[in-house]
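> Here you go, one structure.
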Amino acid sequence: MRQNLSVSKIYLGKKLKILREIHGLTQNEVAYMLGINRSTYTYYESEKTQPSLEMLRRLALLFDVSSDFLLDLPEKNTEIQRRAQSILLIDSTKPNTNRT
């Protein structure tokens with residue numbers, strides 16, 4: 001069943017600033033830990049630019065939060081998610097073959 005997928009404005013920049021302050025870090029320190037320029041990180045906090053998916057993953061790991069939290073998505077543990085996780089687990093135990 002399809003859900004209404006209208007998206008409200010995500011205040012990612014504000015969340016990043018709050019998380020950085022909770023961890024007692026400066027923008028320079030966060031940028032260094034992420035391997036990016038301070039100005040790039042500053043643009044994330046000021047919402048002038050949006051981080052890539054990979055950078056969102058790294059931010060979530062750094063700040064010890066879920067990417068769902070950063071993206072303002074509800075935490076879910078749906079049957080479809082459990083099935084996908086199960087398949088991914090099984091796939092990770094198989095020998096690496098070049099599947100497309």
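The values are calculated or read from the model by the stated rules, or taken from the named source; none is laboratory data. Keep in mind the model is a prediction, meaning the values are calculated, not measured. Please note: Cβ atoms are built from the backbone with ideal geometry, for glycine as well, and neighbour counts cover all protein chains shown.
> How many residues are acidic (Asp, Glu) and in a loop (DSSP other than H, G, I, E, B) when one looks only at segment 23-42? First the steps, then the outcome.
Going through segment 23-42, the residues acidic (Asp, Glu) turn out to be 29.
In the following step, the residues that additionally are in a loop (DSSP other than H, G, I, E, B) were identified as none.
Number of matching residues: 0.
> To continue, here is another question. Going by the conditions given, is THR26 modelled with pLDDT of 95 or more, surrounded by 11 or more Cβ atoms within 10 Å (Cβ to Cβ) and more than 18 Å from the chain's Cα centre (by Cα)? Break it down stepwise before answering.
Details: modelled with pLDDT of 95 or more: yes; surrounded by 11 or more Cβ atoms within 10 Å (Cβ to Cβ): yes; more than 18 Å from the chain's Cα centre (by Cα): yes.
Yes, satisfied.
Residue-wise test of (1) part of a loop (DSSP other than H, G, I, E, B); (2) out of contact with any His (no Cβ under 6 Å at 6 or more places or on another chain); (3) at pLDDT 90 or above.
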site: GLU21; (1), (2), (3): no, yes, yes
site: TYR44; (1), (2), (3): no, yes, yes
site: PRO51; (1), (2), (3): yes, yes, yes
site: GLU54; (1), (2), (3): no, yes, yes
site: ALA60; (1), (2), (3): no, yes, yes
site: LEU73; (1), (2), (3): yes, yes, no
site: LYS76; (1), (2), (3): yes, yes, no
site: ASN98; (1), (2), (3): yes, yes, no
